[in-house]
């Protein structure tokens, strides 16, 4: 088990270096003068240009610039946003909880619905249930989620007026953020109706963001369960006279979860990509929307910083999932 | 036991050759009704796209000032002039959708061809050379995979400038790792097999070995990946178009159409619904085909 | 009253190529404390018949019988809850592949305690203590430590012992062992068989041993039932079977034993077991039988009386000679 952990950590280092190189190279790949890009100014006088050259360190050799960049990054200095003038890292951290809340809810939605759906489809293979679940899953990941979001808005906000169109909470409520997670903060604030407002704002974005992970998890669970259900040890469990609920829910599912955990982990990347689109549609103030806005506003330091932070975050989540996989797979956890 | 019993030898009467292989594949494929339905829909989409010029009642950028945001024919306010209604600047939705099909299929073909060709070449190369070069290439692929796909595509397009061509290049780049990994994996597996050793001993040179001996045996997963990439490319290009980083207006690309329609969702549902529906139907058809392809190409893998 | 009575058990699988009869009209009865061996080649339906008794067949299987009675209770059409009260408690089964028959995600102890808790309602502590006892009974050393071991950490022989432990945990009246030693090393095979037999003697439970090895049959069984292509073709006590087989198939099986051959070439039975598509009319053994006549090809043979071992043959053998057979042909071998 320790060796597993160690190898995973070691493999992370080159990937991390690669990510930093990519982020570093980003600014220099942009069309135009990178100094102007970094400063966000259109035209500068030659003196100002020389000044900026020194300030940004462009007069030094490339590898030195990279090392400086790396050093800064590791200590949390990712430059300043050209638009807000605040440090990029701080901007990111302010907006990150919104995306975190949305992503967590979406993932919970996907897992809580997807695993049972996939299991039922596997147990009742070939039945109408099976076809319905699999058909829905296929439609789920064939559709563009930005369209799906717009459709839901038309239906639930436009026609039925059940849910609001945008934002995290009704503008009538205001309280200082404690955790950054609106659901928790609204409860803590004690204001009447705040929690319900936060919840109603969260529903549609959660469903939209969670649709593709839900579809993928349902399909994977079905696949894994089908394989597991035909294994000898399931037959043994049945031969012991155990009730079907225990045979499927404990003996089979536990084994089926091993490959499904990997799938759930792989969905994190999908969630980030989906967050970009979902946050744009619902005007959800998270890092997805921030990235899109930054690109349009040519706030390139923010884009560079965001790229690095998001990639590192995804990398860490993948590591955690890998470790989790090592824990729940008894062959790795209790290797001889 | 008599000698006669030994002569009950089984003579394999099955037909051989490429045609027989294809027919066998086709009989498996045919069994999957979803896949066949997908194939039919996809074929229809292709035909519509190819003949869009002829079928569409109007040009995709023709504006009719007297019919702005007109409803579809079956709703109040609609007319038979514009079957699916018009958008905010009076362009016929049906015509734009038909022309949009051309863009989507074009995007799919280009992206898949590009990433397939490059990915396979790199994968073959990496698998064959092995050693440091191989490790380097795989690390590069890992780095590309470390970034969430849309995010990377977005920043690439930001670097290159928003346009449909750049969007296609960005998406093709993002799909590279899948092909490279697949091909390299297959090469590594096949490399150790006896038929490769036999070919080497017979004096087959490395290039020929790569392309004539090994590659044909890796085709099955590559074809399935190709189908998946096709639909991913369409969705990706639509997403970029929606964000304003792909095809630029007035190009009738389905994603770009959705971006333009966004402000009207509560007023004119048809401008939003139909382009997205078009994307859904096309991608669904391709995914159904892809599932069918996977099951048919290797029935042993059939999850059913 | 017999412990297990099976009358005319038939199992049909619905496949995409039509129905397939895996078990065809098998009947026998088993008394308490008896040891019965069921012998046959692959495809003889010996496992399927017992799986049908346990109710472990997939939904594609259709199980019919005139009677399927265990300990006075009719098993056919039993509702799920009543069946689960019997299966795993009074009738238990162990399978061929011990390495894959245990759940890799749970410890040996967990899987053993589960049975005790479910069927005997023991508390956690009681069950744990009893589990350790049972592990010792099946010859596992360091039983307490093994309780927290995972199946992949134990050898094949150990895993099979654990399977046996689980099977005898609730003191069953009948234990069905489906080729329990086939997947094990030769040295371990003897140990496992000895273990099964000594447990049988101590507890007085009935034992059904399914095997394809006549050698195992000779060493373990009291009575033997021979199956071929889903049908029971002979049933006798073990001594009688070996000294005077009544069905040509049994005779051929015995003749194929290396210990019995004196010629330079081992005799083998030509042809293959009929599958789904090449079932002969009349007697199923005709394509491979050296005594086959037109009557055999046309008419399915009736079972002979008990004295002739219920042999499913028109011309049952006595001392190697087919009775009432036209033409005095000897075996063509």
query = For the stretch B:186-304, which helices (runs of 4 or more DSSP H) that fit wholly inside it have 3 or more residues that are closer than 27 Å to residue B:122 by Cβ?
reply = B:194-201, B:219-242, B:269-297
ask   = Is there a residue being free of Cβ contacts under 8 Å to residues at least 60 places away in the same chain, crowded, with 19+ Cβ neighbours inside 10 Å, under 30 Å from residue A:155 (Cα atoms) and within 23 Å of the chain's Cα centre (by Cα) anywhere in the stretch A:192-200?
value = yes
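Every residue, every condition in (1) modelled with pLDDT of 90 or more; (2) facing chain A (nearest Cβ under 7 Å); (3) crowded, with 21+ Cβ neighbours inside 10 Å; (4) over 24 Å from residue B:151 (Cα atoms), yes or no:
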{"site": "B:242", "(1), (2), (3), (4)": "yes, yes, yes, no"}
{"site": "B:247", "(1), (2), (3), (4)": "no, no, yes, no"}
{"site": "B:251", "(1), (2), (3), (4)": "no, no, no, no"}
{"site": "B:271", "(1), (2), (3), (4)": "no, no, yes, yes"}
{"site": "B:275", "(1), (2), (3), (4)": "yes, no, yes, no"}
{"site": "B:279", "(1), (2), (3), (4)": "yes, yes, yes, no"}
ask   = Of (1) buried (at least 19 other Cβ atoms within 10 Å of the Cβ); (2) assigned to a helix (DSSP H, G or I); (3) at pLDDT below 85, residue B:97 satisfies all except one. Which?
value = (3)
note = Within the stretch B:136-155, the residues that are within 9 Å of chain A (Cβ to nearest Cβ) and free of Cβ contacts under 8 Å to residues at least 60 places away in the same chain are B:139, B:140, B:142, B:143, B:144, B:145, B:146, B:147, B:148, B:151, B:152, B:155
remark   = Scanning the stretch C:145-167 for residues that are outside any helix (DSSP H, G or I) and more than 9 Å from chain A (Cβ to nearest Cβ) gives C:147, C:148, C:154, C:155
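Return the residue satisfying two criteria in turn: it lies in the stretch C:67-84 and is surrounded by 14 or more Cβ atoms within 10 Å (Cβ to Cβ) and either touching a strand residue (DSSP E or B) at 6+ places or on another chain (Cβ under 7 Å) or outside any loop (DSSP other than H, G, I, E, B) (or both), and of such residues it is nearest to the other protein chains (Cβ to nearest Cβ).
Kept after step one, since they are surrounded by 14 or more Cβ atoms within 10 Å (Cβ to Cβ), are these residues of the stretch C:67-84: C:67-71, C:75-76, C:78, C:83-84.
Still in the running and either touching a strand residue (DSSP E or B) at 6+ places or on another chain (Cβ under 7 Å) or outside any loop (DSSP other than H, G, I, E, B) (or both): C:67-70, C:75-76, C:83-84.
Working: C:67: 22, C:68: 17, C:69: 18, C:70: 13, C:75: 13, C:76: 17, C:83: 8, C:84: 4 Å.
Out of the qualifying residues, it is C:84.
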request  = Residue by residue through the stretch A:115-129, note down the ones that are without any contact (Cβ under 8 Å) to a residue 24 or more places away in the chain and in a helix (DSSP H, G or I).
outcome  = A:116, A:120, A:128, A:129
Sole residue being more than 9 Å from every other protein chain (Cβ to nearest Cβ), within 19 Å of residue A:212 (Cβ to Cβ), crowded, with 17+ Cβ neighbours inside 10 Å and free of Cβ contacts under 8 Å to residues at least 60 places away in the same chain, chosen from A:270, A:263 = A:263
message = Can you confirm whether residue C:309 is in contact (Cβ under 8 Å) with a residue 60 or more places away in the chain, exposed (fewer than 14 other Cβ atoms within 10 Å of the Cβ) and within 24 Å of residue C:38 (Cβ to Cβ)?
response = no
message = When you check residue A:314 against the structure, is it over 30 Å from residue C:148 (Cβ atoms) and either in contact with a helix residue (DSSP H, G or I) (Cβ under 6 Å, 6 or more places away or on another chain) or surrounded by 17 or more Cβ atoms within 10 Å (Cβ to Cβ) (or both), yes or no?
response = yes
query = residue C:251 versus (1) within 11 Å of residue C:39 (Cβ to Cβ); (2) touching a strand residue (DSSP E or B) at 6+ places or on another chain (Cβ under 8 Å): which is the lone unmet condition?
reply = (1)
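Is it fair to say residue A:228 is facing another protein chain (nearest Cβ under 7 Å), touching a helix residue (DSSP H, G or I) at 6+ places or on another chain (Cβ under 9 Å) and in a helix (DSSP H, G or I)? Working first, answer last.
Numbers: facing another protein chain (nearest Cβ under 7 Å): no; touching a helix residue (DSSP H, G or I) at 6+ places or on another chain (Cβ under 9 Å): yes; in a helix (DSSP H, G or I): yes.
It is false that residue A:228 is facing another protein chain (nearest Cβ under 7 Å), touching a helix residue (DSSP H, G or I) at 6+ places or on another chain (Cβ under 9 Å) and in a helix (DSSP H, G or I).
Test residue B:90 against the stated conditions and say whether it is out of contact with any helix residue (DSSP H, G or I) (no Cβ under 8 Å at 6 or more places or on another chain) and either touching a residue at least 60 places away in the same chain (Cβ under 8 Å) or in a loop (DSSP other than H, G, I, E, B) (or both). Break it down into steps so the answer makes sense when it comes.
Details: out of contact with any helix residue (DSSP H, G or I) (no Cβ under 8 Å at 6 or more places or on another chain): yes; either touching a residue at least 60 places away in the same chain (Cβ under 8 Å) or in a loop (DSSP other than H, G, I, E, B) (or both): yes.
Spelling it out, residue B:90 is indeed out of contact with any helix residue (DSSP H, G or I) (no Cβ under 8 Å at 6 or more places or on another chain) and either touching a residue at least 60 places away in the same chain (Cβ under 8 Å) or in a loop (DSSP other than H, G, I, E, B) (or both).
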query = Taking residue A:210, is it touching a residue at least 40 places away in the same chain (Cβ under 8 Å) and buried (at least 19 other Cβ atoms within 10 Å of the Cβ)?
reply = yes
key: Boolean, residue A:253 is within 14 Å of chain C (Cβ to nearest Cβ), surrounded by fewer than 24 Cβ atoms within 10 Å (Cβ to Cβ) and modelled with pLDDT of 85 or more   = yes
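In the stretch C:306-315, which residues are part of a loop (DSSP other than H, G, I, E, B) and more than 16 Å from residue C:223 (Cβ to Cβ)?
Selection gives C:313, C:314, C:315.
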ask   = Of the residues in the stretch A:139-184, how many are assigned to a helix (DSSP H, G or I), surrounded by fewer than 22 Cβ atoms within 10 Å (Cβ to Cβ) and away from chain B (no Cβ under 14 Å)?
value = 2
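The values are calculated or read from the model by the stated rules, or taken from the named source; none is laboratory data. Computed from a predicted model, the values in this text were never measured in an experiment. Glycine gets a Cβ as well: all are built from the backbone with ideal geometry, and neighbour counts include every protein chain shown.
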